[in-house]
Amino acid sequence: MLELQNAILEMVARGETLVAVGDRLCREVEILAPGVICSILEVDGAGLLHPIAGPSLPAHYSAAIDGIMTGPMVGSCGSAAYLAEPVAVTDIANDPRWSEFAQLALPLGLRACWSSPILNGKGAVIGTFAFYYRESRGPSALEQALVNTCLHLCAIAISHHRWQMEQTRRALEDTLTGLPNRAAFNAALTHMSCDVAGSWGLLMLDLDNLKIVNDTFGHHVGDRLIEVTAERVARTVAPDKAYRLGGDEFAVLVRSPAALRDLERVAGSILAALALPADCGGHFTAPRATVGGALLAADDGVAERVRQHADFALYHAKETSRGGFVRYWPGIGSRITKRLDTIRRVDDALREDRLLPHYQPIYRLDTGEIVGFEALCRMREGDRILPTRQFQEATTDLGVATTLTERMLGLVASDIRNWLDSGLQIDHVAVNLCSADLHGGRLADQLRTIFSAARVPLGMIILEVTESVYMGRADQAVSQQIHALREQGLRIALDDFGTGFASLTHLMTVPIDFLKIDKTFVDRLTGDGVSRAIVEGLLHIARELNVQVVAEGIEMQEQADLLSAAGCRLGQGYLLSQPVNVENATALLVDQARSNSTGKYAG
C-alpha cells in the first residue's frame with residue numbers, strides 16, 4: 001500500500017493526467033484485492049457524475065453513467081455522493097437505489113457495489129471511489145483499508161487536476177471580459193482544418209474610440225466600454241465564438257453556416273449592436289469599431305494565412321472605411337505591404353533625421369511681395385529629395401503621422417527663429433495638419449511647447465486643415481480642437497477648398513481665417529466661365545465673412561491676372577515660385593529686404 005501511495009503521488013507530481021492516474025490506481029488496487037472491480041467517478045459543480053477510471057468495466061457502462069445527476073436513489077455512487085457518506089449495496093438486483101440502473105450492472109455479472117465519497121480539503125464531495133463485486137457481499141477489512149488510502153490519493157489527484165484546469169482556464173480567459181483571450185484564440189487556430197475552402201473564417205475588430213474615452217473620462221470608463229463591447233459582440237455572433245485579443249482588439253472565429261454565407265451581414269450586425277449608447281461608469285457613450293474579415297480560401301494552406309488576410313482587411317478598413325467593414329480580397333495584401341514599406345522608410349528617416357521642410361512662398365498678387373510660406377515636408381533618400389506625395393501613405397499610421405508633424409513643427413520653429421534673428425520680416429508660415437494630429441489630443445500642448453522654446457509667437461503660425469479632415473468625422477473632436485487652437489492665437493486655413501466635401505455651408509460653420517482655393521479651380525479659370533464664376537463667388541463670400549483667400553497652383557500669368565482682377569490678393573504656385581529649401585527661402589527674404597519691402601496679408 002505504501003508503494004501504491006508513492007507511485008500515485010509521483011504521477012500527480014509529474015503532472016500526468018487525471019485519467020492516467022485513476023487508471024493506474026484502479027489496476028493496482030485490483031491486483032491487491034483480487035475479485036474487485038474498481039471505479040472512480042468525479043462529481044462536478046452541478047452535481048453530475050463523470051467517469052474518471054474503470055479499466056475493468058466496459059466502455060458502454062461508463063458512458064451510460066456519464067452526466068447522471070447525484071441523488072439518494074442513484075445507485076451506490078450517486079447516493080454516496082449525494083449523502084456524502086459510504087453506501088454499501090450488497091444486492092443490486094433488489095436494492096431500490098439501483099432500480100433504474102440494475103439493467104446496466106446485472107448483465108455484466110455485477111451483484112454488489114460499495115461506494116465511498118471523495119472529499120476535498122473543505123469537506124465537499126468531489127468524487128466517488130467504488131468497488132463492484134460479482135457476488136452479493138460487502139467490503140472486507142483489507143478492502144476497507146485499501147479504500148481509506150485510495151480516498152486520500154483520489155482527493156489529491158482530483159484537487160490537483162481541478163487546480164490545473166483552473167490555471168488553464170485563467171490562462172485562456174480574459175480577466176476583464178471573461179471572453180477567451182489571445183492564447184485561447186491562438187490555440188483554436190492551431191486546431192482549425194484548412195482542407196475545405198469556406199469552411200470557416202475570421203472577423204477582426206478594433207475599437208476606434210477607446211483611447212479618446214480613456215483620456216477623456218478615465219480608464220475605469222474605458223474598461224466598461226471594453227466590457228460592453230465584449231458582451232455585445234459575443235451575443236451578436238453566437239453560436240460562433242468571440243475572443244478578446246487584448247487592448248481594443250477582438251476576434252470572432254466564424255464557423256456557423258449562416259454566418260459563413262454572409263460575412264458582411266454578421267459584421268453589419270456587430271457594428272449595429274455596438275452603435276447603441278451604453279452607460280459606461282456614468283458616462284453614456286457608444287463603442288465605435290472597425291471590422292475586417294476573411295474566409296478560408298483554397299490556397300491558404302494554414303490557418304495563420306487566414307488570420308493574416310483578416311488583419312490585412314482590418315488594416316485597410318481602418319485607413320479607408322473607419323467605422324465600417326472590409327472583406328479581404330487578393331490584391332489588398334500587396335497594397336498594404338507597399339504602405340507598410342513606406343511607413344518603415346519614413347520611420348527610418350525620422351530616426352536618422354532625414355526629414356526637412358521646403359518652403360513655397362505665398363505672394364501678394366498685386367505687388368509681388370512675399371507675405372509668407374507654406375512649409376512642405378520633404379524626405380532625403382541618398383542623393384534624392386522626395387516630395388510628400390511619394391511618402392504620403394505613411395501618414396495613415398497615426399504614430400508616424402503625429403511624429404512627422406511634431407518634427408516639422410520643430411524645424412519650422414527653428415527656421416522662423418533664425419529669420420527673426422537675422423531681421424527678416426515675414427507674416428506667417430503655414431503648416432499642414434492631418435486627421436491624426438487633431439484627434440490625438442496633444443497638438444495644443446505641442447505647439448505651445450515647441451514655439452515657446454523657439455521664442456516664436458503662435459500668431460505667426462497658420463495651421464492648414466483640409467475639408468476631408470475637418471468635416472470627415474461626426475463627432476466634435478476636431479471642431480473643439482480648432483476652437484482651442486484659435487483661442488491660443490493660431491490662425492486656421494481651410495486647405496484644398498473645392499475637393500473633399502466642398503460645401504459652401506462649411507464656410508458659415510467652420511472657424512477659419514484663410515480659405516485656400518484648390519488648384520482644380522485655378523486650372524480651369526482660362527476659357528471656363530463656370531470656374532471663373534465660382535471663384536468670383538467664393539471671393540465675394542470670403543470678403544463678407546472677413547476670411548482671406550489664397551489661390552493655389554497658379555502656373556500661368558493669365559491665371560494670376562484673372563485672380564487679381566477678381567479681387568484675389570494672395571496666391572502661390574510654380575509661376576511665382578516652386579517650393580525651395582530653407583537656404584533659398586532665406587535668400588528670397590534677403591532680396592526682398594534689400595528692396596525695402598515688407599509683406600503683410602491684406603484684407
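The values are calculated or read from the model by the stated rules, or taken from the named source; none is laboratory data. Keep in mind that this is a model prediction, so the values were computed, not measured. Positions of Cβ are generated from backbone atoms using ideal geometry, with glycine treated the same way; all protein chains shown enter the neighbour counts. Ligands, DNA and RNA are excluded from the accessible area calculation, which covers all protein heavy atoms including side chains. Shrake-Rupley method; radii C 1.70, N 1.55, O 1.52, S 1.80 Å.
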- In region 200-237, which residues are exposed (fewer than 15 other Cβ atoms within 10 Å of the Cβ) and modelled with pLDDT under 95? D215, T216, G218, H219, H220
- Kindly indicate whether A130 is farther than 30 Å from F185 by Cβ, open to solvent by 70 Å² or more (accessible area, probe 1.4 Å) and over 44 Å from the mean Cα position of the chain (by Cα). no
- Which listed residue is under 27 Å from G198 (Cβ atoms), surrounded by fewer than 22 Cβ atoms within 10 Å (Cβ to Cβ) and touching a residue at least 24 places away in the same chain (Cβ under 8 Å), from D366, D300: D300
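Where residues in region 140-150 are of a type in the set (A, V, I, L, M) and surrounded by fewer than 16 Cβ atoms within 10 Å (Cβ to Cβ), which of them is farthest from V29 (Cα to Cα)?
Filtering region 140-150 down to residues of a type in the set (A, V, I, L, M) leaves 141-142, 145-147.
Going one step further and asking which of them are surrounded by fewer than 16 Cβ atoms within 10 Å (Cβ to Cβ), we end up with 141-142, 145.
On the way: A141: 14, L142: 11, A145: 11 Å.
It comes out as A141.
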- From E10, E42, which residue is over 19 Å from S140 (Cα atoms), open to solvent by 60 Å² or more (accessible area, probe 1.4 Å) and of a type in the set (D, E)? E10
- Residues in region 400-407: is at least one more than 26 Å from S334 (Cβ to Cβ), open to solvent by 30 Å² or more (accessible area, probe 1.4 Å) and of a type in the set (K, R)? yes
- Unmet requirement for I332, which otherwise passes all of (1) more than 26 Å from N186 (Cβ to Cβ); (2) without any contact (Cβ under 8 Å) to a residue 24 or more places away in the chain; (3) among the aliphatic types (A, V, I, L, M): (1)
- Message: I need every pair where a residue in region 268-283 that is surrounded by 13 or more Cβ atoms within 10 Å (Cβ to Cβ) has its Cβ under 6 Å from the Cβ of a residue that is of a type in the set (S, T, N, Q), sequence separation at least 6 or different chains.
- Response: S269/T236; I270/T236; A273/T236
- Note on the structure: Within region 450-469, of all residues that are without any contact (Cβ under 8 Å) to a residue 60 or more places away in the chain and under 35 Å from the mean Cα position of the chain (by Cα), the one most open to solvent (accessible area, probe 1.4 Å) is S468
- Message: If A430 satisfies all but one of (1) assigned to a strand (DSSP E or B); (2) under 31 Å from the mean Cα position of the chain (by Cα), what's the number of the condition it fails?
- Response: (2)
- When G75 is evaluated against the numbered criteria (1) surrounded by 21 or more Cβ atoms within 10 Å (Cβ to Cβ); (2) at negative phi, which criterion, by number, is the only one it fails? (2)
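Kindly indicate whether L153 is under 29 Å from the mean Cα position of the chain (by Cα) and surrounded by 20 or more Cβ atoms within 10 Å (Cβ to Cβ).
Criteria not met by L153.
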- Out of (1) in contact with a strand residue (DSSP E or B) (Cβ under 6 Å, 6 or more places away or on another chain); (2) surrounded by fewer than 14 Cβ atoms within 10 Å (Cβ to Cβ), the odd one out for K241 is which? (2)
- Note on the structure: Of the residues in region 49-72, those that are in a loop (DSSP other than H, G, I, E, B), over 22 Å from R137 (Cα atoms) and open to solvent by less than 20 Å² (accessible area, probe 1.4 Å) come to G71
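Does A84 satisfy the condition of being modelled with pLDDT under 95, exposed (fewer than 14 other Cβ atoms within 10 Å of the Cβ) and aliphatic (A, V, I, L, M)?
Working: modelled with pLDDT under 95: no; exposed (fewer than 14 other Cβ atoms within 10 Å of the Cβ): yes; aliphatic (A, V, I, L, M): yes.
Answer is no for this residue.
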- Task: Show the residue pairs that are 6+ apart or on different chains and have beta-carbon atoms under 9 Å apart, the first residue being within region 478-489 and in a loop (DSSP other than H, G, I, E, B), the second being β-branched (V, I, T).
- Result: G489/I461
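With the requirement that a residue be open to solvent by less than 90 Å² (accessible area, probe 1.4 Å) and either under 14 Å from G292 (Cβ atoms) or of a type in the set (D, E, K, R) (or both), what does region 328-354 give you? Write out each step before concluding.
The initial filter retains those residues of region 328-354 that are open to solvent by less than 90 Å² (accessible area, probe 1.4 Å), namely 328, 331-334, 336-337, 339-343, 345-350, 354.
Across region 328-354, the qualifying residues are Y328, I332, G333, I336, R339, D341, R345, D347, D348, R354.
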- Pairs returned, first residue in region 371-393 that is closer than 16 Å to D341 by Cβ, second residue that is β-branched (V, I, T), beta-carbon separation under 7 angstrom, 6 or more apart or interchain, are M379/V346; F391/T342; F391/V346; E393/T342
